[in-house]
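Okay, structure first, notes after.
Bear in mind these aren't lab numbers, they're just calculated from the coordinates by the rules spelled out. Source: prediction; values computed, not measured. Reconstructed Cβ throughout: ideal geometry from the backbone, glycine too, with neighbour counts over all protein chains shown.
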Amino acid sequence: MRVEALQKYRPFIRPLLFSLVIVLHIVILICVKFSVTDAVQEEEANAEIFKLVDVQEFVPPPPPPPVIEKKDIVVNQVKASENIQETEKEVVEIPEDIDYVPQHKISVIPEIPTKAILSKIEYPKMAMKQGIEGVVYLELFIDESGNIRRINVLKDPGYGFADAAIAALDGIRCKPALVNDKPVAVRFRYPVRFVLN
């Protein structure tokens with residue numbers, strides 16, 4: 001009997017269920033719509049309005065003051081006028097901006113008076129006592145006139161060899177290097193060999 005009653009209402013059940021589902025969806029959509037609208041209105045009410053005038057530009061802090069170092073004060077310093085030394089050697093002004101040509105760019109190497117250097121060399125006493133021989137490699141800065149302006153020690157075996165070689169070259173005048181038959185300032189590597197007899 002129940003089955004027959006259900007059979008009788010069967011054509012009405014589907015449309016009724018369909019209508020019920022549609023009504024349920026409409027109710028849910030209305031609730032969601034109103035709740036979202038309320039949340040948006042509440043958020044807008046809580047939001048603050050910033051004016052461009054209210055915004056302050058970031059200003060970096062000033063740099064720290066410079067650190068002033070304490071300097072030692074010298075009380076009893078000898079004045080320059082009290083420390084004058086006279087010399088009989090010729091005083092030569094050294095220009096600071098000489099362009100020295102590298103050795104590989106010259107056409108004629110400078111002539112260095114070897115005999116004059118050998119006559120001035122003093123063999124270092126410490127090396128002589130120990131029977132040590134050595135070679136000092138120097139870089140000579142020779143100007144257009146043949147004057148040795150500066151000497152750099154490239155290789156020093158020690159035992160006072162470099163000091164002896166530099167002392168022997170003091171006051172030596174060379175024949176200048178040439179580039180296309182014109183005298184030029186040159187950086188020239190020069191070995192000084194120390195040999196015991």
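Pull up all non-local amide H partners of A185: gap of 5 or more, or a different chain, and H-to-H distance under 5 Å with H placed in the peptide plane.
Hits under the 5 Å cutoff: V101, E144.
With r as the distance between the Cβ atoms of E144 and V108 and R0 = 22 Å, compute the FRET efficiency 1/(1 + (r/R0)^6) and round to 0.05.
Approximately 0.95, to the nearest 0.05.
How many nm separate the modelled label positions at K182 and V23, each set 7 Å beyond the Cα in the direction of the Cβ?
Here the modelled spin labels are 11.4 nm apart.
May I ask you to derive the relative contact order of region 126-197, considering only C-alpha pairs under 8 Å and at least 6 residues apart, and to give it as an integer percent?
Computed over region 126-197, the figure is 44 percent.
Assuming R0 = 25 Å, what is the FRET efficiency of I98 and S119, from their Cβ-Cβ distance, to the nearest 0.05?
0.30
Of K129/K175; K120/K155; K105/K182, which ones are farther than 24 Å apart at the Cα?
Long pairs (Cα-Cα over 24 Å): K129/K175.
Modelled label-to-label distance, F12 and L154, 7 Å Cα→beta-carbon offset: nm?
Placing both labels 7 Å along Cα→Cβ, they lie 12.0 nm apart.
Sort 186-193, 135-142 by the packing proxy (mean of other Cβ within 10 Å over each peptide's residues), most packed first.
Those peptides, ordered most packed to least, come out 135-142, 186-193.
Mind checking the full-extension length gain between K175 and I30? Use 0.36 nm per residue of separation minus the Cα-Cα distance, one decimal, nm.
41.2 nm
If r is the Cβ-Cβ distance from M128 to E88 and R0 is 25 Å, what FRET efficiency results, to the nearest 0.05?
Efficiency, rounded to the nearest 0.05: 0.25.
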